[in-house]
């Protein structure tokens, strides 16, 4: 299964990542259909190199017409973020149509803080680093799309239980 393979490969390559987005919402107990996988990663050269190696192993390719190795250039990513409003670097799998891995490059919540509050959830014998509910709510508030506002409402209910 692609999702388990993805997280297993990220762990194998020691990628410092956090699961965010709809799949994280689901793992926190809210029924939510999504095909894509949203993650954020520690933005440092070694971690980005590990992410690239994991992507190569999984045969992931960028959705944008840019080389995969663009992910290792922090200055270029920062420039794209500022000048082109690039929020996420999307990768697609050749095997599953419509499934993307979206890497949120510069989250509105500091990665180190989110990592310290993250939860490890085990799915099919694979540990998945999942952002905390509070941080997920903060990320969703920053995004502010209608689906994010609905997710916030559901996540707040989960917190109350």
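The values are calculated or read from the model by the stated rules, or taken from the named source; none is laboratory data. Everything numeric in this text was worked out from a predicted model, so none of it was measured. Backbone-built Cβ (ideal geometry, glycine too); neighbour counts: all protein chains shown.
Quick one: is residue 136 assigned to a helix (DSSP H, G or I), closer than 19 Å to residue 37 by Cα and touching a residue at least 60 places away in the same chain (Cβ under 8 Å)?
In short, yes.
Would you call residue 49 surrounded by 14 or more Cβ atoms within 10 Å (Cβ to Cβ), under 14 Å from the mean Cα position of the chain (by Cα), within 19 Å of residue 88 (Cα to Cα) and modelled with pLDDT of 95 or more? Lay out the reasoning, then the answer.
Numbers: surrounded by 14 or more Cβ atoms within 10 Å (Cβ to Cβ): yes; under 14 Å from the mean Cα position of the chain (by Cα): no; within 19 Å of residue 88 (Cα to Cα): yes; modelled with pLDDT of 95 or more: yes.
Criteria not met by residue 49.
Could you list all residues from the stretch 119-131 that are touching a strand residue (DSSP E or B) at 6+ places or on another chain (Cβ under 9 Å) and surrounded by fewer than 19 Cβ atoms within 10 Å (Cβ to Cβ)? It would help to see each step written out before you state the result.
Going through the stretch 119-131, the residues touching a strand residue (DSSP E or B) at 6+ places or on another chain (Cβ under 9 Å) turn out to be 119-122, 127-131.
Answer for the stretch 119-131, where residues must be touching a strand residue (DSSP E or B) at 6+ places or on another chain (Cβ under 9 Å) and surrounded by fewer than 19 Cβ atoms within 10 Å (Cβ to Cβ): 119, 120, 121, 122, 127.
Within the stretch 21-112, considering only helices (runs of 4 or more DSSP H) that don't extend past its boundaries, which have at least 1 residues that are in contact (Cβ under 8 Å) with a residue 60 or more places away in the chain and under 20 Å from residue 1 (Cβ atoms)?
Passing ranges, in order: 21-27.
Please pick out the residue among 138, 90 that is more than 14 Å from residue 16 (Cα to Cα), under 13 Å from the mean Cα position of the chain (by Cα), modelled with pLDDT of 95 or more and surrounded by 12 or more Cβ atoms within 10 Å (Cβ to Cβ).
After applying the criteria, what remains is 90.
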